């Protein structure tokens with residue numbers, strides 16, 4: 001599939017505050033940038049943005065990303081910060097690491113499985 005474009009479905013939900021166009025664009029850009037190299041395995045990303053303390057102050061903006069992967073299960077990344085944009089950035093970076101780790105672990109597991117044709121078996 002050389003040269004093909006993988007469209008990533010990103011479902012963004014805001015809990016306890018309005019979802020503005022600027023926030024939505026930021027989530028879509030950061031998640032697509034972070035997961036771009038793994039896009040062919042990403043089926044859907046659900047971004048859940050929350051104002052945890054809802055007006056009481058403190059570090060209370062949370063971004064949770066749930067990434068459904070083709071043939072590799074589900075990966076989850078979360079971050080919390082006083083600034084929602086920073087929480088989104090951190091969660092996106094963590095999502096990239098978590099997805100890459102899930103993909104690598106699955107490949108290792110397949111190679112170690114002696115029952116799979118083509119598995120790398122050390123004699």
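The values are calculated or read from the model by the stated rules, or taken from the named source; none is laboratory data. Model, not experiment: these values are computed from the prediction. Heads up, the Cβs are rebuilt from the backbone with ideal geometry, glycines too, and the neighbour counts pull from every protein chain shown.
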| field | The listed residue being out of contact with any helix residue (DSSP H, G or I) (no Cβ under 8 Å at 6 or more places or on another chain), surrounded by fewer than 16 Cβ atoms within 10 Å (Cβ to Cβ) and modelled with pLDDT under 95, out of 24, 9 | value | 9
| task | Using the structure shown, decide if residue 86 is closer than 23 Å to residue 11 by Cβ, modelled with pLDDT of 85 or more and surrounded by fewer than 18 Cβ atoms within 10 Å (Cβ to Cβ). | result | yes
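Criterion first (closer than 20 Å to residue 104 by Cβ, free of Cβ contacts under 8 Å to residues at least 12 places away in the same chain and in contact with a strand residue (DSSP E or B) (Cβ under 7 Å, 6 or more places away or on another chain)) does residue 42 satisfy it?
On the way: closer than 20 Å to residue 104 by Cβ: yes; free of Cβ contacts under 8 Å to residues at least 12 places away in the same chain: no; in contact with a strand residue (DSSP E or B) (Cβ under 7 Å, 6 or more places away or on another chain): yes.
Here the answer is no, as residue 42 does not meet what is asked.
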